[in-house]
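> Take this structure first; my questions come after.
The values are calculated or read from the model by the stated rules, or taken from the named source; none is laboratory data. Because the structure is predicted, anything quoted here is derived from the model rather than measured. Cβ sites come from the backbone with ideal geometry, for glycine too, and all protein chains shown count toward neighbours.
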Amino acid sequence: MRTFFLMTIFLLVGANLRSQNVLEVLAGNKQAHYINYFNKDLDSTAKWNFFNLNRFTVNYKDKALNNVSIEGQLTYQFKPWIGLSAGGGFYGELFVPTIGLSLSYMNKKEDFFIQMYPTIGFAEGQVAPSVLGIIGYSPKFSKNWGLSSQIIFSADPVEASQIIRIGANYKDKVQFGIGIDMLQNFETKNLNYNLGPFIRFNF
């Protein structure tokens, strides 16, 4: 029941905030990958911030391999580049509450940024470190066109994942190109990947 309420809070907060909404679809060689995320300042001083990342994969051959994750972090910024964050992630039937830091950087041109959440998670009586982050670089070539490159990454003691995208950027509204998802399990040493074209919309 606690998991249901926490997941509902994440979705309600995300639905009612006015913010830039990013929706992306990758048609990979093994599965389709849907991603939605936003990063929203909650007050005029930019002290309070909410970050939400939702992912859903659909495996072409085996529905049992479908995966869903909902992650959210509420942050209080001490400085523009560092803050205290609290939130967690919902992974199928497991909710993992977390507490940690928010680290961020954006250059003066606003075409390069890093956002990271190094946290401590609490699940099934165990405590473990983890990190979630986004790195983006989108230089302009002309008024309407530019490069779009982005990495979403996460790591914990069990596995690490990288979601890499590179392509073209049109008016900061639509990005498209090639992407690869990589997931490595530290115990089995297995490295799984999913490669294909992607398209992203910024609302």
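> For region 22-35, name all the residues that are of a type outside the set (Val, Ile, Thr) and either surrounded by fewer than 16 Cβ atoms within 10 Å (Cβ to Cβ) or outside any loop (DSSP other than H, G, I, E, B) (or both).
Selection gives LEU23, GLU24, LEU26, ALA27, ASN29, GLN31, ALA32, HIS33, TYR34.
> For region 75-95, name all the residues that are surrounded by fewer than 20 Cβ atoms within 10 Å (Cβ to Cβ) and part of a strand (DSSP E or B).
Result: TYR76, GLN77, PHE78, LYS79, ILE82, LEU84, ALA86, TYR91, LEU94, PHE95.
> When you look at PHE186, is it in contact with a strand residue (DSSP E or B) (Cβ under 7 Å, 6 or more places away or on another chain), exposed (fewer than 14 other Cβ atoms within 10 Å of the Cβ) and of a type in the set (A, V, I, L, M, F, W, C), yes or no?
yes
> Here is a further query. Kindly provide the set of residues from region 57-66 that are loosely packed, with under 15 Cβ neighbours inside 10 Å and either under 21 Å from TYR37 (Cβ atoms) or under 12 Å from the mean Cα position of the chain (by Cα) (or both), ordered by number.
Listed by number, the residues that qualify are VAL58, ASN66.
> If PHE203 meets every condition in (1) within 27 Å of TRP81 (Cα to Cα); (2) within 18 Å of the chain's Cα centre (by Cα); (3) surrounded by 13 or more Cβ atoms within 10 Å (Cβ to Cβ); (4) not polar (S, T, N, Q) apart from one, which number is that one?
(3)
> Follow-up question, since we're still on this one. List, please: which pairs have Cβ atoms under 8 Å, are six or more places apart or on different chains, and start with a residue in region 62-75 that is more than 18 Å from VAL131 (Cβ to Cβ) and end with one that is in a strand (DSSP E or B) and of a type in the set (D, E, K, R)?
Between residues of region 62-75 that are more than 18 Å from VAL131 (Cβ to Cβ) and residues that are in a strand (DSSP E or B) and of a type in the set (D, E, K, R), the close pairs are ASN67/ARG55; VAL68/ARG55.
> Follow-up. Could you give every pair whose Cβ atoms fall below 8 Å, whose first residue belongs to region 167-187 and is over 25 Å from ALA155 (Cα atoms) and of a type in the set (Val, Ile, Thr), and whose second residue is at pLDDT 95 or above and assigned to a strand (DSSP E or B), counting only separations of at least 6 or pairs across chains?
That search, which allows pairs on different chains as well, returns VAL174/ILE199; VAL174/ARG200; VAL174/PHE201.
> Does region 137-153 hold any residues that are among the aromatic types (Phe, Trp, Tyr), within 12 Å of ILE114 (Cα to Cα) and free of Cβ contacts under 8 Å to residues at least 24 places away in the same chain, and which are they?
PHE153
> Conditions: (1) in contact with a Ser or Thr (Cβ under 8 Å, 6 or more places away or on another chain); (2) within 26 Å of HIS33 (Cβ to Cβ); (3) modelled with pLDDT of 95 or more; (4) loosely packed, with under 14 Cβ neighbours inside 10 Å. MET116 meets all but one. Number of the miss?
(4)
> Oh, and also: Quick one: would you say PHE38 is of a type outside the set (A, V, I, L, M), in a strand (DSSP E or B) and either under 26 Å from SER148 (Cα atoms) or at pLDDT 95 or above (or both)?
Yes: the conditions hold for PHE38.
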